[in-house]
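First comes the structure, then the notes that go with it.
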Amino acid sequence: MIKNNKLEGELQWFDVRDWGIEGKGWIDTRHYYERLPRRAEKLLPDLWQMSRHSTGFSCEFETDAPEIHARWVLLMEQLDEPNMNRATFSGLDLYAREKGTWRWAGAAVNHKSPRASDCLVTDMKPLKRRFRLYLPLRNPVVRLEIGAPRGAKFTPIPPRTMKPLVYYGSSIVHGAYASRPGVVHPSILGRWLNLPVINLGFSGLAKMHEPMAHLLAELKPAVFVLDPLPNMDDELVKERADKFLRILCQAHSDTPVVMVEDFPLTHAWIRPAHLQTHRAKWKTFSRIYRKLKDDGHSSLHYVEGLHSIGDDSVGTVDGVHPNDIGYERLAKNLLPTLQRILLA
């Protein structure tokens, strides 16, 4: 939170729904700031509540305002949890475009209730800039408005119409232990690749359920990234991965699908049995990949996980969930494959 003396009457307010958020895969959601269509409540009841999270959503605008404010209403009284701080769980994260690069500009981090108001950044030179605001990763958003001083120019930028990157995965994709909403690797990749991102991270529940494969098949992305192994053991991979991938590949024969191995626990070097558990999953996952390739699914790609978060054991908080260093490393590990696919 940035201290300022601006009164709300001195600000002009803009409701984000008037121009739209980026990162929605379906328009037939029960409420606007939700990720899955309303029919998913019956198809995937276990993860339905998490589908209401605004994970990965963002909005863009241009303004020459010297400061930017926000006020937003959240569904839950709970504002944080052990593996997500308040800024990530319930806060907002602001980036600005500078010489072709997105740079962090400010965040809402100290709100104390689900009905919040905050100044995101102040003391800027009054120059026209493009901004991107990331929504909370957990707490469902009910309403979001952006404020700028009266007299400042403000231009909403509608969501881009280009094909997005669709990223399906676990709590790691959902953003556990990230310091802010914009730090998770799908969002980092979106900035680096200049692509919209649909984040379908579901903590503990990315288990390749068949209905999820059919839902993903409804989308029309530039590329799918499938990263569910942190939530699956070897037996579950054997049971579900082949069918899940065939559903998706048959619906999208020309759309690249990237299968991503999980990284080993960052303290697995001293706990070798855990590394063997990972190796068993990887062996099964890669065997399924090769079989599908042999069967003619040429759009499949594969990214190994052994070194994806580094070998120095500093990339996670608890051995499993990345810190900000780890999230950037995961993005860097995927970037060459995605660049090669998208430039092909």
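The values are calculated or read from the model by the stated rules, or taken from the named source; none is laboratory data. Just so we're clear, the structure is a prediction, and the values are computed from it rather than from any experiment. Neighbour counts are summed over all protein chains in view; Cβ atoms, including those assigned to glycine, are modelled from backbone coordinates with ideal geometry. For accessibility, only protein heavy atoms count, side chains too; no ligands or nucleic acids. Shrake-Rupley method; radii C 1.70, N 1.55, O 1.52, S 1.80 Å.
For every residue, the table says whether it meets (1) in contact with a Lys or Arg (Cβ under 9 Å, 6 or more places away or on another chain); (2) within 29 Å of N110 (Cα to Cα); (3) open to solvent by 10 Å² or more (accessible area, probe 1.4 Å); (4) of a type in the set (D, E).
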residue	(1), (2), (3), (4)
H174	yes, yes, no, no
A178	no, yes, no, no
V184	no, yes, no, no
L200	yes, yes, no, no
H214	no, no, yes, no
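Is there a residue being among the aromatic types (F, W, Y) and part of a strand (DSSP E or B) anywhere in region 28-49?
Going through region 28-49, the residues among the aromatic types (F, W, Y) turn out to be 32-33, 48.
Subset that is part of a strand (DSSP E or B): none.
No, region 28-49 contains no residue that is among the aromatic types (F, W, Y) and part of a strand (DSSP E or B).
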*Which of the residues that make up region 232-282 are out of contact with any Phe, Trp or Tyr (no Cβ under 7 Å at 6 or more places or on another chain), among the hydrophobic types (A, V, I, L, M, F, W, C) and farther than 25 Å from P164 by Cβ?*
L236, L265, A268, W269, I270, A273, L275, A280, W282
*For region 252-268, indicate whether the set of residues that are open to solvent by 10 Å² or more (accessible area, probe 1.4 Å), assigned to a helix (DSSP H, G or I) and not polar (S, T, N, Q) is non-empty.*
no
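Please tell me if L11 is more than 20 Å from G204 (Cα to Cα) and in contact with a His (Cβ under 7 Å, 6 or more places away or on another chain). Break it down stepwise before answering.
Working: more than 20 Å from G204 (Cα to Cα): yes; in contact with a His (Cβ under 7 Å, 6 or more places away or on another chain): yes.
So L11 fits the description; yes.
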_Among (1) at pLDDT 95 or above; (2) among the aliphatic types (A, V, I, L, M); (3) crowded, with 17+ Cβ neighbours inside 10 Å, the one test that L79 misses_ = (1)
_Looking only at region 128-171, count every residue that is touching a Pro at 6+ places or on another chain (Cβ under 6 Å) and of a type in the set (A, V, I, L, M) and tell me the total._
2
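Here's the yes/no breakdown for (1) crowded, with 17+ Cβ neighbours inside 10 Å; (2) among the hydroxyl-bearing types (S, T, Y); (3) touching a Leu at 6+ places or on another chain (Cβ under 6 Å):
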| residue | (1), (2), (3) |
| --- | --- |
| G20 | no, no, no |
| L44 | yes, no, no |
| M50 | yes, no, no |
| C59 | yes, no, yes |
| E62 | no, no, no |
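Would you confirm, using the coordinates I've provided, whether R97 is assigned to a strand (DSSP E or B), among the basic types (K, R) and closer than 16 Å to R180 by Cα?
Values: assigned to a strand (DSSP E or B): yes; among the basic types (K, R): yes; closer than 16 Å to R180 by Cα: no.
It is false that R97 is assigned to a strand (DSSP E or B), among the basic types (K, R) and closer than 16 Å to R180 by Cα.
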*asked:* Pairs please, first residue from region 291-317 and part of a helix (DSSP H, G or I), second anywhere and buried (at least 19 other Cβ atoms within 10 Å of the Cβ) and modelled with pLDDT of 95 or more, Cβ atoms under 7 Å, 6+ apart in sequence or on different chains.
replied: L292/L245; L292/C249; L292/L300; K293/L300
*Tell me the strands (runs of 3 or more DSSP E) entirely within region 142-202 that contain at least 1 residues that are out of contact with any helix residue (DSSP H, G or I) (no Cβ under 7 Å at 6 or more places or on another chain), modelled with pLDDT of 95 or more and farther than 21 Å from W48 by Cα.*
154-157
*If you go through region 150-166 one residue at a time, do you hit one that is surrounded by 17 or more Cβ atoms within 10 Å (Cβ to Cβ) and over 24 Å from L200 (Cβ atoms)?*
yes
*Look at F89 and say whether it is at pLDDT 95 or above, in contact with a Gly (Cβ under 6 Å, 6 or more places away or on another chain) and more than 21 Å from K153 (Cβ to Cβ).*
no
*Only one of these conditions is not met by V237: (1) open to solvent by 30 Å² or more (accessible area, probe 1.4 Å); (2) touching a Ser or Thr at 6+ places or on another chain (Cβ under 8 Å). Which number is it?*
(1)
*Going through region 82-104 one residue at a time, which ones are under 20 Å from M50 (Cβ atoms) and surrounded by 15 or more Cβ atoms within 10 Å (Cβ to Cβ)?*
N83, M84, N85, R86, A87, T88, F89, S90, G91, L92, D93
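Please work out if G204 is farther than 28 Å from L275 by Cβ and either of a type in the set (G, A, S) or open to solvent by 10 Å² or more (accessible area, probe 1.4 Å) (or both).
Answer is no for this residue.
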